[in-house]
Amino acid sequence: MKILVGIKRVIDYNVRIRVKSDGSGVETDGVKMSINPFDEIALEEALRIREAGNADEVIVVSLGGNECQQQLRTGLAMGADRAIQVDSAESLQPLTIARAFLKLVEKEQAGLVMLGKQAIDGDNSQTAQMLAALWGRPQATFASAVELSGNKAMVTREVDAGLERIEVDLPAVISVDLRLNEPRFVKLPDIMKAKRKPLEVIPVEDLGVAPENDLQFTSHTPPPVREKGIMVEDAAQLVAELKTRGLL
Amino acid sequence: MSNILIIAEHDGQNLNPSTAKCAQCATAIGLPFDIAVLGSSIADVAGQAATIAGTGTVYAVDAAHLGDPLAANHAQEVVAMASGYSHILGPSTTFGRDLMPRIAALLGVNQVTDISAVEGSHHFKRPIYAGNAVVDVVAPEAVTVVATVRVASWKAVDGSGSAAIESRPAAEAAVTHSRYIDLQSGGGERPDLQTASRVISGGRAMGSKENFDLIYSLADLIGAGTGASRAAVDAGFCPNDMQVGQTGKIIAPDLYIAFGISGAIQHVTGIKDAGTIVAVNKDADAPIFEIADIGLAADLFNVIPEMKQLLG
Ligand SMILES: Cc1cc2nc3c(=O)[nH]c(=O)nc-3n(C[C@H](O)[C@H](O)[C@H](O)COP(=O)(O)OP(=O)(O)OC[C@H]3O[C@@H](n4cnc5c(N)ncnc54)[C@H](O)[C@@H]3O)c2cc1C
């Protein structure tokens, strides 16, 4: 079985986000970029599935310009077998990304697609569900445990009410949550090895996919700031202050 | 026809308050709205939906296989009833986040996620980057708007109504590729985290599952819901459904008290809309004090017992 793993290049989660003064987006110049943390977890899970003998090949996929090859190389260094960059100069929206993924799924005959439950830039949480819909296959979103047996996957999902379990037939799309695993660290020799692993570049047009019904993002603004408050000295003052404000 | 369809969230017995919040958002958009209740034996829930002020018609789609919360089954039903609606809204809870993109893809549209404000029928605001930026989103007018409503940004609609209820059978057969197994609920009897007016949270500093009893006992004294940081959940001190933040729950209680939470952006984004934020942290330089309305630099293991005594 082949597993496709989506990898998005995003601003590193430790970076303090600044909105550009002209409102056109957020500052990315000279800012550290990384693999979306959820995608790293998706890749780690795919690698573990392969290492357990339940998959033959793990393919990392990213959609974007050449700069996302950096994140694909990191994915290869973690242990993916090969990489595909779907080349697109403009930033693609989830529906188009899901359509492009579907083309790759068909081309590769993938048995499983693992994606992050959301990317920490757009916080959309859409691509996995959209791909599953277009593919007419199961979606198991927000996974915190995945158990494969034969042609089925038992997935524990982190939902608002607790932990939900569903069983899905493969092929399927799984979107992963943070508690699923802890991604491995990349070692230097692996980085060297990754340089020799295959990285295929496919222009998005060659997949026969073009953006449609796109949303427009007309302006970006910083969020309202919360004013710095007061400090109290002890529990008694805290309780008194809360009572004064009518909160207790 | 220019109308809004709201997808109700419920657990089979009770309508989730997120539905009345979606109704508030629909009211802001300013078009008539209907509510779809999908499930099995849902007469009660449909009755509750019918009391939401401003509702046109409640469509109760009742079938055994809709009793399980499988997005694949629910999405195809919504698509079957979508024609004629200009907007389809669902909540930004895990229920809506699972379901709505599947609907959007089947309709061939992109989804507007986490609407926090309405600027026009096709113009919305929403937070991105864990709430560190707000973006204006304009959706194309020629196609259906499929959107999730950021529930922490909206109050439930006031007043009550008595909308007509129309029952209908499922339009589609159940999918066979997915099976619901069970739900293990972490929650006890405390107020629901997403709707509680007071929330008490603990972080990594709580140190153990046993020590979290301090959080629970203080919460019970003031009728609060309980939350946690990701670090506390990861460490196994408390169940996952207590996690507050970018990847947990986004909440807006009147009062939020954080004990031993450092204030990472991923946590803070979950409480930005709270009325009053209180932080107790023994490190006077902890970032949470930058956003706290009331701060106390002290050891939580002294502060909580003292508060309990003062409030007990
Ligand atoms: C993609 C991503 C998503 C994330 N999503 C979330 C999320 O949804 N929610 C979330 O919370 N986090 C999230 N995180 C994690 C987040 O970055 C922080 O790691 C986490 O919030 C830290 O939890 P904490 O404040 O409990 O622990 P710490 O950062 O370790 O802070 C513990 C605090 O306790 C204080 N302390 C220690 N002892 C005491 C004492 N006796 N009395 C008082 N204070 C004491 C310390 O001074 C310190 O400030 C996410 C991270 C990533 C990368």
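Computed quantities for the displayed model
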| read-out | value |
| --- | --- |
| Kirkwood Rh in Å, taken over the protein assembly as shown so that all alpha-carbon pairs contribute | 24.3 |
| DSSP loop GluC sites (Glu not before Pro) with at most 11 other Cβ within 10 Å: longest gap in chain B | B:1-140 |
| C-alpha center-to-center spacing [the stretch B:110-144, the stretch B:156-219] in angstrom | 26 |
| Burial ordering of B:CYS22, A:CYS68, fewest other beta-carbon atoms within 10 Å first | A:CYS68, B:CYS22 |
| Shielding by other protein chains, A:149-161, mean Cβ within 10 Å | 5 |
| Chain A: calculated mean residue ellipticity at 222 nm from DSSP helix runs of at least 4, using -39500 (n - 2.57) | -8000 deg cm²/dmol |
| Residue-averaged beta-carbon neighbours from other chains (10 angstrom radius) around A:164-171 | 5 |
| At most 13 other Cβ within 10 Å, DSSP loop - GluC sites (Glu not before Pro), the stretch A:3-90 | A:GLU90 |
| Residue among B:THR94, B:THR269, B:THR195 with the largest mean-square fluctuation in a Gaussian network model of chain B, springs linking Cα atoms under 10 Å | B:THR94 |
| Shielding score for B:252-260, defined as the mean number of other chain Cβ atoms within 10 Å | 1 |
| Most positive-pole-ward Cα, B:ALA72, B:ASN240, A:ILE120, against dipole of the protein assembly as shown from beta carbon charges | A:ILE120 |
| Loop-located GluC sites (Glu not before Pro) in the stretch A:159-248 whose Cβ has at most 12 other Cβ within 10 Å (DSSP) | A:GLU227, A:GLU233 |
| Gaussian network model of chain A, Cα within-10 Å springs - most flexible of A:GLY64, A:GLY136, A:GLY75 | A:GLY136 |
| Range of Cα positions in chain A per principal axis (Å), largest first | 65, 44, 43 |
| Pairwise centroid distance, computed over Cα atoms, of the stretch A:64-130 with the stretch A:169-248, Å | 16 |
| Max mean-square fluctuation residue, GNM over chain B, Cα-Cα springs under 10 Å, options B:ILE115, B:ILE257, B:ILE294 | B:ILE294 |
| Rg/Rh ratio calculated on Cα atoms of the stretch B:171-230 (Kirkwood radius) | 1.22 |
| Debye intensity ratio I(q)/I(0), log10, the stretch B:4-168, q values 0.20 Å⁻¹ (C-alpha model) | -1.34 |
| Local electrostatic count at B:PHE289 - Lys and Arg +1, Asp and Glu -1, tallied over other residues with Cβ under 12 Å | -1 |
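No value in this document is a laboratory result; all are computed from the given coordinates. Only a predicted model underlies this, so the values are computations on that prediction, with no experimental measurement involved. Glycine also receives a Cβ, built like all others from the backbone with ideal geometry; neighbour counts cover every protein chain displayed.
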